[in-house]
Amino acid sequence: MSKIHTISKVLLIFVVWSCGMSSAAAQKFSFEEKKIALKDGDTRSAIQVILEPEIDRVRDAFDEFMDDYHDVHMNTGNLFGKHRIIEAEEVTIDAISPNKMNFSARIIENGAQTELSVFGSFGLDLQITEQEYPVAFANMKNLTMQFVNHFIPNYFSTEVNNQKEEIADFRDDIDDLNKDIAKNHRKIEELKEENTEMEQEKALLMKKLEEAENDLDAIKQSRVKTREAITRSRKIG
């Protein structure tokens, strides 16, 4: 099977996979060959991918992909300042070519998306282009698509798991609040019962108070009458 046929098969698999994604998790995706301008004014033939995930996640994932699958560690380059270019110099990437090469990836923000541009060279003036090195360029395109096929499902899997964890946390918090609310309702019912008992006790005490006050009035009246009777007795005597 030719390498170009392999690339076409990988692209077809990715397109089918992308179309099968739900609309809620649909990845805004763009893949094309493009000339990019570097800081020194030179241009490079690159494979460019526009991705939805943020720049740090794309950069870290590409670095990890190259390390894990191609035994190549990407270092931070200086063409676009800190964290804009990652590159590996004088390395052999069998998936691209058996020859030593310089391999680079420019990862920058593109509006709310992330732009990944992959390019390489066999030397200062030996840029890997589709015209000069069609097989190596096709292999580089294939490697880029392999990264996308690896990264995007993992990215969404992580996002789904994080969302599930957040939902589970919300549900746990709601359950805790429901338990607290039920506990408070029970306390309220207990307090209502306690208040009812105290109201009854209060009513009984109010009745006793009224009786005591009536008794007091009766005692006072009896005292007055007794004094008046004693006074009259003295006058008669």
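Just so it is clear, none of the values below were taken in a lab; they were calculated from the coordinates. Quick caveat: nothing in here was measured; it's all calculated off a predicted structure. Ideal geometry is used to build each Cβ from the backbone, glycine not excepted, and the neighbour counts take in all protein chains shown.
Which net charge results when you count Lys and Arg as +1 and Asp and Glu as -1 among the other residues whose beta-carbon is under 15 Å from that of ASP169?
Taking every Cβ under 15 Å from that of ASP169, the sum is -4.
Rounded to a whole number of µm²/s, how large is the Stokes-Einstein D of the range 68-214 at 20 °C and 1.002 mPa s, given Rh as the Kirkwood radius over C-alpha pairs?
In µm²/s, the coefficient rounds to 98.
List the trypsin sites (Lys or Arg not before Pro) within the range 49-144 that fall in a DSSP loop (any state other than H, G, I, E or B) and whose Cβ has at most 13 other Cβ atoms within 10 Å.
LYS82
Once you list every other residue whose beta carbon is under 13 Å from the beta carbon of LYS192, what net charge do they have if Lys and Arg are +1 and Asp and Glu are -1?
-4
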